[in-house]
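What follows is a set of notes on a single structure, which appears directly below.
All of the numbers you see were taken from the coordinates with simple rules; none came from a lab. Just so you know, these numbers come straight off a predicted model, no measurement behind them. Here the Cβ positions follow ideal geometry from the backbone for every residue, glycine too, while neighbour counts run over all protein chains shown.
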Amino acid sequence: MSRIDRRSWLKGAAAAAGGLVAAACDRLTLNPTVQQTLARAEGLTRRTQRALFPRMALAPEFSPEDISPDFRANGTINPQDPAYVALREAGFSDYRLVVDGLVERPLALSLADLRALPARSQITRHDCVEGWSSIGKWTGARLSAVLEAAGLKEGARFVVFHCADKLEPRVDERGRYYESLDLEDAFHEQTILAYEMNDAPLPVAHGAPVRLRVERQLGYKHAKYVMRIEAVESLTPIRGGKGGFWEDRGYEWYAGI
Ligand SMILES: Nc1nc2c(c(=O)[nH]1)N[C@H]1C(S)=C(S)[C@@H](COP(=O)(O)O)O[C@H]1N2
Ligand SMILES: [Mo]
């Protein structure tokens, strides 16, 4: 099977399995929707399950002494968008992470709310397509916990991360950064909404107050300055339709490493 065939086949299999992979990975956090889907997916063959499982493997984690003293910052490093500037000047006390779209309970989470959710810390290597890597420690709320608090509706298949910054300066919204994940990556154990980097509040250059860490994928998937998470059935109606700022400009949507 070629890489492309394999990818679309896996996508189809994943759609059939629904929350199966996430569920198998973390049975304690099963929500009713995932449980229903899991029950429906029982007919899946062992072969399909094996093919899906590698995506749930953990990215390598490192020791504190491996942390890069000079972690690079890339893309937007100091958003000038007025709404963001106002939040930053108030020390992000007015920040609310909106969670909406295909969810049972739309949320608006303060940083304190996020800090109250199940958290994870990990020391990982960030790989940018531009050819550099840095190792950092990230602490944040597990995305699975946020999505479970909101309760995904049955039709939800992707989560879209809307960011505060326009990477491409233009008057319309097409220059604004965004990203998306499918539910396998959204429920992955290492997928977190990081509010700390190297044991300090996340710096503005690295995405303050909250950025995504999705450790099995390349740097551009790690959306910084996340303002809103939208659960959707399809990525096609959003912006350029390819699921992300860079994807709309030709990058792969699944940037696995
Ligand atoms: N909102 C937003 N997120 C973004 C970007 C950006 O420009 N804006 N750049 C991406 C790219 S290409 C990389 S490599 C990483 C850089 O993260 P860092 O600044 O913490 O190194 O953020 C990603 N997320
Ligand atoms: Mo990057």
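From least to most packed, judged by other beta carbons within 10 angstrom and beginning with the fewest, Val214, Val171 follow the order Val171, Val214.
Put in order of Cβ neighbour count within 10 Å, fewest first, the listed residues Asp94, Asp70 become Asp70, Asp94. Neighbour counts of other Cβ atoms within 10 Å put Thr139, Thr236, Thr191 in the fewest-to-most order Thr236, Thr139, Thr191. With an a/c value of 1.5 or above and a/b not larger than b/c for the gyration tensor axes a ≥ b ≥ c computed over the alpha-carbon atoms, the range 103-193 is described as oblate. Remark: spin-label model distance Glu168-Phe62 equals 3.2 nm, labels positioned 7 Å along the Cα→Cβ axis. In this Cβ point-charge picture (+1 for Lys and Arg, -1 for Asp and Glu), the range 139-257 has a dipole of about 340 debye about its Cα centre. Scattering from the C-alpha atoms of the range 186-249 alone, worked out with Debye: what is log10 I(q)/I(0) at q = 0.11, 0.14 1/Å? With one equal scatterer per Cα and no solvent, log10 I(q)/I(0) is -0.29, -0.46. Each label point was placed 7 Å from the Cα along the Cα-to-Cβ direction; for Ser110 and Ser133 their separation is 4.1 nm. Using C-alpha pairs under 8 Å with a sequence gap of at least 6, the mean separation divided by the residue count of the range 101-149 gives a relative contact order of 36 percent.
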